[in-house]
Amino acid sequence: TPPTPPTPPTPPTPPTPPTPPTPPTPPTPGHKCTDAELMAGCAEGTCDPSIGEVEIEVGRRLLTDTGSCQCVPGRVARNGGCVAADSMQTMSFYMYRAQNDEDYPLDSDNTASLEAVMWYLHNEVVVMSCPRHYDITKIVRYNVTMRNPDRAENSHSQYGPFVAIDSGKCTVPGCDQIIENHGYYVGCQIEYGKNYGAKVYWYSLFGACPLQPYSNKTDECKQEFPGGKCAEGQQPDGQNCTWSYEKAGEIRIDELEGIDDYKQFCDDGKKEYVLSEDKGEGCSFWDGKMDADKNADRVAAAQKLFQKVSKAPLLTPTPLCDV
């Protein structure tokens, strides 16, 4: 009988691979900011309610709010909140304007935040539908960079006071004295109670020869009163110039509303918005003028359409208008 072969040795058990480390939990995205937080200088979508109650200084006022947030340009983070920067800042952000099909550059002009433009369209343009008031057809977006002259010691704002400008001319009384005292600054104004959120802002920009309408702006006047607009390639420094811009896309109001053919829409007797009924006829985009949530959706729809039609990058949030 042949001998029994030896039993082969049992192969060693392979070592147990180490347990991979648990990946870190991603941070919770910021929450929607309240109007009070936006007015305190928080950037939309960055509010974190988990920090607890803090006091936030807003210029010369104090607000009690909850949590912390990312601050908009012109504000700095301090003690869990946003406070006014100690000096003038160079800030880049979007300004907007509603206009007709003509294309003309920014000069001495009034512009607005997107919220203000949407409020203006809702209250003064589409209520005069077919044709629209001033034949307005589009919203134009501008990437504006600004730095205002050094402010007075007791001032807290990055802006100067807003002035009305019509056809290139500053129309407020004493505008010449305002410019002499403060320079060719960028101004702003906030309007409350408009149901379009906390950032219904209007801006004023001084171009060359700002005390005359476009028809009277001579070369001599432009040379003597150069305004705050920077020359091409020049950056605002608050002394030689205060603002520059480049166009950053435009959207058609028809597309925003979902109207394919505005002429046919009007020929069919339809209306974008009827004030007495608080709704449109054949168009529902503007229904519910006093509904803050619907107004926020309208602003968001315009933002989304801008990103669809333009490759311009998203900029830092809109600075606080706190004049």
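The values are calculated or read from the model by the stated rules, or taken from the named source; none is laboratory data. What you see is a predicted model, and the numbers here were worked out from it, not measured in a lab. Note: ideal-geometry Cβ built from the backbone for every residue, glycine included; neighbour counts use all protein chains shown. Heads up: the accessible areas ignore ligands, DNA and RNA and are worked out on the full protein's heavy atoms, side chains in. Shrake-Rupley method; radii C 1.70, N 1.55, O 1.52, S 1.80 Å.
So if I check each of ASP293, ASP237, ASP254, which one is in a helix (DSSP H, G or I) and open to solvent by less than 60 Å² (accessible area, probe 1.4 Å)? Before the answer, list the steps.
Working: ASP293 fails: open to solvent by less than 60 Å² (accessible area, probe 1.4 Å); ASP237 fails: in a helix (DSSP H, G or I).
Checking each option against the conditions leaves just ASP254.
How about region 202-234: which of its residues are open to solvent by 70 Å² or more (accessible area, probe 1.4 Å), assigned to a helix (DSSP H, G or I) and more than 9 Å from SER108 (Cβ to Cβ)?
SER215, ASN216, ASP219, GLU220, LYS222, GLN223, GLU224
Within 29 Å of VAL186 (Cα to Cα), open to solvent by 60 Å² or more (accessible area, probe 1.4 Å) and not in a loop (DSSP other than H, G, I, E, B), is that true of LYS247?
On the way: within 29 Å of VAL186 (Cα to Cα): yes; open to solvent by 60 Å² or more (accessible area, probe 1.4 Å): yes; not in a loop (DSSP other than H, G, I, E, B): yes.
Against the criterion (within 29 Å of VAL186 (Cα to Cα), open to solvent by 60 Å² or more (accessible area, probe 1.4 Å) and not in a loop (DSSP other than H, G, I, E, B)), LYS247 qualifies.
Which one of the conditions (1) free of Cβ contacts under 8 Å to residues at least 60 places away in the same chain; (2) of a type in the set (S, T, N, Q); (3) under 30 Å from THR34 (Cβ atoms) does ASN295 fail to meet, given that it meets all the rest?
Condition (1) is where ASN295 drops out.
Modelled with pLDDT of 95 or more, closer than 20 Å to CYS241 by Cβ, open to solvent by 30 Å² or more (accessible area, probe 1.4 Å) and not β-branched (Val, Ile, Thr): which single residue out of ASN100, ASN110 fits that description?
Testing whether each residue is modelled with pLDDT of 95 or more, closer than 20 Å to CYS241 by Cβ, open to solvent by 30 Å² or more (accessible area, probe 1.4 Å) and not β-branched (Val, Ile, Thr) leaves just ASN110.
If you take the residues of region 257-290 that are assigned to a loop (DSSP other than H, G, I, E, B) and among the polar types (S, T, N, Q), which of them is nearest to LYS194 (Cα to Cα)?
Within region 257-290, the subset assigned to a loop (DSSP other than H, G, I, E, B) is 258-261, 268-270, 275-278, 282-290.
Still in the list and also among the polar types (S, T, N, Q): 276, 284.
Values: SER276: 18, SER284: 20 Å.
That would be SER276.
Among the residues of region 113-124, which ones are open to solvent by less than 50 Å² (accessible area, probe 1.4 Å) and either more than 26 Å from TYR245 (Cα to Cα) or among the hydroxyl-bearing types (Ser, Thr, Tyr) (or both)?
As a first pass, look at region 113-124 and keep what is open to solvent by less than 50 Å² (accessible area, probe 1.4 Å): 113-123.
If the condition is that a residue be open to solvent by less than 50 Å² (accessible area, probe 1.4 Å) and either more than 26 Å from TYR245 (Cα to Cα) or among the hydroxyl-bearing types (Ser, Thr, Tyr) (or both), then SER113, TYR120, HIS122, ASN123 are the ones that fit.
If I ask for residues that are surrounded by fewer than 18 Cβ atoms within 10 Å (Cβ to Cβ) and either part of a loop (DSSP other than H, G, I, E, B) or in contact with a Leu (Cβ under 8 Å, 6 or more places away or on another chain) (or both), which ones from region 159-171 would you list?
Initially, region 159-171 is screened for residues surrounded by fewer than 18 Cβ atoms within 10 Å (Cβ to Cβ), giving 161, 164, 166-167, 171.
Selection gives ALA164, SER167, THR171.
Out of all the residues in region 211-238, which are within 25 Å of the chain's Cα centre (by Cα) and within 22 Å of TYR159 (Cβ to Cβ)? Lay out the reasoning, then the answer.
Initially, region 211-238 is screened for residues within 25 Å of the chain's Cα centre (by Cα), giving 227-238.
Correct list: GLY227, GLY228, LYS229, CYS230, GLN234, GLN235, PRO236, ASP237, GLY238.
Looking only at residues that are touching a residue at least 40 places away in the same chain (Cβ under 8 Å) and closer than 15 Å to ASN181 by Cβ in region 129-158, which one is surrounded by the fewest Cβ atoms within 10 Å (Cβ to Cβ)? Walk me through it before giving the result.
Restricting attention to region 129-158, the residues satisfying the condition of being touching a residue at least 40 places away in the same chain (Cβ under 8 Å) are 129-132, 136-151, 156-158.
Now drop any that are not closer than 15 Å to ASN181 by Cβ, which leaves 148-151.
Values: ASN148: 25, PRO149: 16, ASP150: 12, ARG151: 17.
Per the stated criteria, the residue is ASP150.
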